[in-house]
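Working notes, beginning with the structure itself.
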Protein chains: 2
Amino acid sequence: MDISKRRGIMYPSFEIYGGVSGFYDYGPVGSKIKRNIEQLIRNYYVIDEECLEVECPTLSPEEVWIASGHLENFTDLMTECLKCGEAYRADHLIEEYTGKSCEGMHMSQLDDLIEKDRIKCPKCGGDLDKVYNYNLMFQTFVGPGKGKESAYLRPETAQTTYLAFRRLWEIGRKKLPLGVLQIGRSFRNEISPRQGIIRLREFNQAEIQFFVEPDKKFVENFDQVSNIETRIVTKDGKEFNISLENAVKKRIIGIQMIAYFLGRSLQLFERMGIDPKSLRLRQHKDEERAFYSSDTWDIEYISKIFGRIELVGISDRTDYDLKAHMDLSKRDMTVSYEGKKFIPHVIEVAYGIDRPFYCVIESCYREEKDRVFFKFPSEIAPYRVGIFPLVRKDNLPEKAREIFELMKKKRIHAFYDQTGSIGKRYARADEIGIPECVTIDYETLEDNTVTVRNRDTKKQIRVKIDELCEFILK
Amino acid sequence: MDISKRRGIMYPSFEIYGGVSGFYDYGPVGSKIKRNIEQLIRNYYVIDEECLEVECPTLSPEEVWIASGHLENFTDLMTECLKCGEAYRADHLIEEYTGKSCEGMHMSQLDDLIEKDRIKCPKCGGDLDKVYNYNLMFQTFVGPGKGKESAYLRPETAQTTYLAFRRLWEIGRKKLPLGVLQIGRSFRNEISPRQGIIRLREFNQAEIQFFVEPDKKFVENFDQVSNIETRIVTKDGKEFNISLENAVKKRIIGIQMIAYFLGRSLQLFERMGIDPKSLRLRQHKDEERAFYSSDTWDIEYISKIFGRIELVGISDRTDYDLKAHMDLSKRDMTVSYEGKKFIPHVIEVAYGIDRPFYCVIESCYREEKDRVFFKFPSEIAPYRVGIFPLVRKDNLPEKAREIFELMKKKRIHAFYDQTGSIGKRYARADEIGIPECVTIDYETLEDNTVTVRNRDTKKQIRVKIDELCEFILK
């Protein structure tokens, strides 16, 4: 967190006004890493999987959330102190007091526990009020005066993709499966978000909706992931290592398409620099699964600091959402396809962006006795290369700027630094994970070569300026 | 609009629920064009101008908007019908009735005009209520229960950039000018947005804040834009053609740095495909200028449909914002720089994204007697190339898929289409502005060449498959 704040990776928002928990800024270094993560996901889904991409508003009218079920079901159980007014998530409060899990418990069960265990307000010791349902969506109103309409900030991008399904069906040339990606902000008004950037009130998502035939939840090129060996936890709590091929064969993962995108996601996370040994697949228990899903699998990262972190959730949402919007809007969502008429089912692949971002940072962090550095893969690193004149005189800065301008022209993202000793500049570059640093020295002026120092090995070699761009891009 | 909806450029959001004015979806084709526009702006400012980039939340606590002045000043004057409750923007209503401009008028002046001209509710003929101030920010509350905090969706990205100025100053190594880009969503709860995507309630911005020394509002490389000849309208209504060099010399544009970024923006808009002959610079009149600005210049596009459209506003915001946040937060915003202590001034370059997007679409639209097409520049076009097998048999689709896969590997965004006649496929490609189309025919199977058809000239040439990627990228 010290490096993160000091070097502009991420820091709490509105710090000058004391901050508001659940809101973070991406700084100059972090915003680049974040965008690289998004671009990796986008390139894979849009180019390789031939998905369409859309961008919809984050603010949507109330009907959308009535139909989707979020107005009724997207809630946490809450209790407030009758004396000081402090608000708590009831299950968390009870879990902290008793050490026992309250997962899946109903309102009255939580009321009983509060009474039985004599749980009081941790802040003032006052009595707690009855547990009640608290909706996690932020509400606002669109338009002025008496005609204003209730609207909510979306808690997921998915619904806004579903709304335009008829258009997307036409634009996608009426073929299934039809994959639609949306990358953007979503919002959840958490009761008391802790864990820094792991539980944000405003966060980033990359969600892909695959519209499929109800009885064809599989892909043809499953062999591309079938050999992946991974740790797996099933909904009845069994944990073991298995290949995706066997997980599907033994019907541990019941839907082949879910297994396929779990495998693809494992590949993507590894490319981001997340240690695959820290990842596992976990099936949601029946009582934990979201109201719209018939089967959900997460990929979790086991963090040294935060414990398990959900990076992606892959769900079979069946025809739940399209049917719900069809019922409320009275617009037809059925398609005619290969002689059949049906409402498509949805396999959803829902990535967080902020959580993978954090896990990339944690996974790539390295401490050595004389330095710390981030071992970011090149396609994730905030800059591809650092450009340093050895000293600030004798025409070396001018020569270094020349090379910097060359990089700009080639659109290679470079970081120019001429302040402090070369050692300090290497240390600064290591702290933001720049893969290669180029030093311009007196030899450069003679023979047009530069020193290229590798972040991970610290090895230095001489490279001709003419060959530098190619060398860096390789 | 027909092409836009049918081909997935842009369409109204929440259509199945009747829509809400001021909200639009970017469809599969539009989202690509939009992202290309953003990338052009980002590359220019982050790489060429060496700006930092940040991403901040769209939801911010009330203090931010008290300090910035938006809670008090970011308002429209409104009136409601006493009979039917319909709400109107008072100045627009009066202008429609009288044909006269109400710009800069105060509440009581508008009240007087409504009385004098006997203006009634256009909907039901009822009497209109007193004019009142209506804040254009969307309000919501963060957190639950009695401790919930008032917050607003940001009406501009700028404030969220200013909040972290102290951090950015450190991260940017305490040098001026310091440029900071932010691309993201902003929100304005317009009273009755018309004009489709020109006035959105949720919209996209790319705003750059240049923190500068109060007496150094100039750049060294002004010669890069000084020769640009452009149409200009000054705040006293004079309109003429002039070079940027002369505009600065004659002190028509008082701040050289503003002239520089006006020039750079003209260059950027031309690269996006916007016709420079439809652009002009316009200085804000004193009564129209935002409350935080001492001088503002817009670049306007003269649309055949919507009249004048503001694409970018460049303002001297002085030390207004940093000073305001310093006053309210009690955090120091002064810097020590080259022996002086001061609060930096801000030159802001504020692009809309949705409006340039629309102007690109309008500017690139071409009608010929047998076709319509969009003449998008390659770096703006949604796809670089279309890949078509001549017929759906004799191994041509397989060969075409091979070339499609080759494009994927090179990350060249390609569009595969094998439905309908070649003529129809060219027409479809033209409708979304794909610059080149590649046809795989029987000759291809013999000599590994393909036909490449140019969108603008309709000329066809044969290219070897081995040289195809390079040809397309060129």
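For the stretch B:244-355, give me every one of the strands (runs of 3 or more DSSP E) that falls completely inside it and has 3 or more residues that are within 14 Å of another protein chain (Cβ to nearest Cβ), surrounded by fewer than 23 Cβ atoms within 10 Å (Cβ to Cβ) and in contact (Cβ under 8 Å) with a residue 12 or more places away in the chain.
Passing ranges: none, list empty.
Residue under question is residue B:68, and the condition is that it be surrounded by 16 or more Cβ atoms within 10 Å (Cβ to Cβ), closer than 20 Å to residue B:356 by Cβ and polar (S, T, N, Q); does it hold?
No: the conditions fail for residue B:68.
Quick one: is residue A:235 touching a strand residue (DSSP E or B) at 6+ places or on another chain (Cβ under 6 Å) and assigned to a loop (DSSP other than H, G, I, E, B)?
Yes; evaluated as a whole, the condition is true for this residue.
Filter the stretch B:190-231 for residues that are open to solvent by less than 20 Å² (accessible area, probe 1.4 Å) and charged (D, E, K, R) and give the result.
B:190, B:201, B:202, B:207, B:213
Table: residues versus (1) under 25 Å from the mean Cα position of the chain (by Cα); (2) within 14 Å of residue A:296 (Cα to Cα); (3) modelled with pLDDT under 95; (4) among the β-branched types (Val, Ile, Thr).
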position	(1), (2), (3), (4)
A:210	yes, no, no, no
A:250	no, no, no, no
A:257	yes, yes, no, no
A:262	yes, yes, no, no
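Would you tally the residues in the stretch A:25-66 being facing chain B (nearest Cβ under 7 Å) and touching a Gly at 6+ places or on another chain (Cβ under 8 Å)?
Total satisfying the criteria: 7.
So, in the stretch A:103-127, of the ones that are in contact with an Asp or Glu (Cβ under 7 Å, 6 or more places away or on another chain) and buried (at least 19 other Cβ atoms within 10 Å of the Cβ), which residue ends up nearest to the other protein chains (Cβ to nearest Cβ)?
A:121
Just give me the residues in the stretch B:26-50 being within 22 Å of residue B:187 (Cβ to Cβ) and open to solvent by 10 Å² or more (accessible area, probe 1.4 Å), in sequence order.
Of everything in the stretch B:26-50, those that are within 22 Å of residue B:187 (Cβ to Cβ) and open to solvent by 10 Å² or more (accessible area, probe 1.4 Å) turn out to be B:35, B:38, B:42.
How do the helices (runs of 4 or more DSSP H) wholly within the stretch B:103-201 filter down when requiring 2 or more residues that are among the aromatic types (Phe, Trp, Tyr): which remain?
The helices (runs of 4 or more DSSP H) meeting that bar are B:165-171.
Go through the stretch B:184-197 and count every residue that is in contact with a strand residue (DSSP E or B) (Cβ under 6 Å, 6 or more places away or on another chain), more than 9 Å from chain A (Cβ to nearest Cβ) and of a type outside the set (S, T, N, Q).
The qualifying residues number 1.
Of the residues B:468, B:473, B:445, which is in contact with a Leu (Cβ under 8 Å, 6 or more places away or on another chain) and open to solvent by 30 Å² or more (accessible area, probe 1.4 Å)?
None of the others qualify; the one that does is B:445.
Tell me the residue from A:170, A:207 that is within 18 Å of residue A:50 (Cα to Cα) and facing chain B (nearest Cβ under 8 Å), please.
Residue meeting the stated conditions: A:170.
Would you confirm whether any residue within the stretch B:17-24 is of a type outside the set (S, T, N, Q), at the interface with chain A (Cβ under 7 Å from one of its Cβ atoms), open to solvent by less than 20 Å² (accessible area, probe 1.4 Å) and within 17 Å of the chain's Cα centre (by Cα)?
So far as the stretch B:17-24 goes, yes, one or more of its residues are of a type outside the set (S, T, N, Q), at the interface with chain A (Cβ under 7 Å from one of its Cβ atoms), open to solvent by less than 20 Å² (accessible area, probe 1.4 Å) and within 17 Å of the chain's Cα centre (by Cα).
Pick from the stretch A:142-158 the residues that are at the interface with chain B (Cβ under 10 Å from one of its Cβ atoms) and touching a residue at least 40 places away in the same chain (Cβ under 8 Å): which of them is most open to solvent (accessible area, probe 1.4 Å)?
Top of the filtered list is A:149.
So, in the stretch A:48-73, how many residues would count as being charged (D, E, K, R), part of a helix (DSSP H, G or I) and under 24 Å from residue A:172 (Cβ atoms)?
1
With the requirement that a residue be within 30 Å of residue A:435 (Cβ to Cβ) and touching a Lys or Arg at 6+ places or on another chain (Cβ under 7 Å), what does the stretch A:324-361 give you?
Scanning the stretch A:324-361 gives A:353, A:357.
Away from chain A (no Cβ under 11 Å) and of a type outside the set (D, E, K, R) - does that describe any residue in the stretch B:6-15?
No.
Of the residues that sit in the stretch B:132-141 and are open to solvent by 10 Å² or more (accessible area, probe 1.4 Å) and facing chain A (nearest Cβ under 7 Å), which one is nearest to residue B:187 (Cα to Cα)?
B:139
Looking only at residues that are assigned to a helix (DSSP H, G or I) and surrounded by 13 or more Cβ atoms within 10 Å (Cβ to Cβ) in the stretch A:74-102, which one is farthest from the other protein chains (Cβ to nearest Cβ)?
Applying the filter and picking the extreme gives A:98.
State the number of residues belonging to the stretch B:416-437 that are under 19 Å from residue B:473 (Cβ atoms) and touching a helix residue (DSSP H, G or I) at 6+ places or on another chain (Cβ under 7 Å).
Count: 4.
The values are calculated or read from the model by the stated rules, or taken from the named source; none is laboratory data. Being a predicted model, the structure only gives us computed values, none of them experimental. Note that we place each Cβ from the backbone using ideal geometry, even for glycine, and neighbour counts take in every protein chain shown. Note: areas computed on protein heavy atoms with side chains; ligands, DNA, RNA excluded. Shrake-Rupley method; radii C 1.70, N 1.55, O 1.52, S 1.80 Å.
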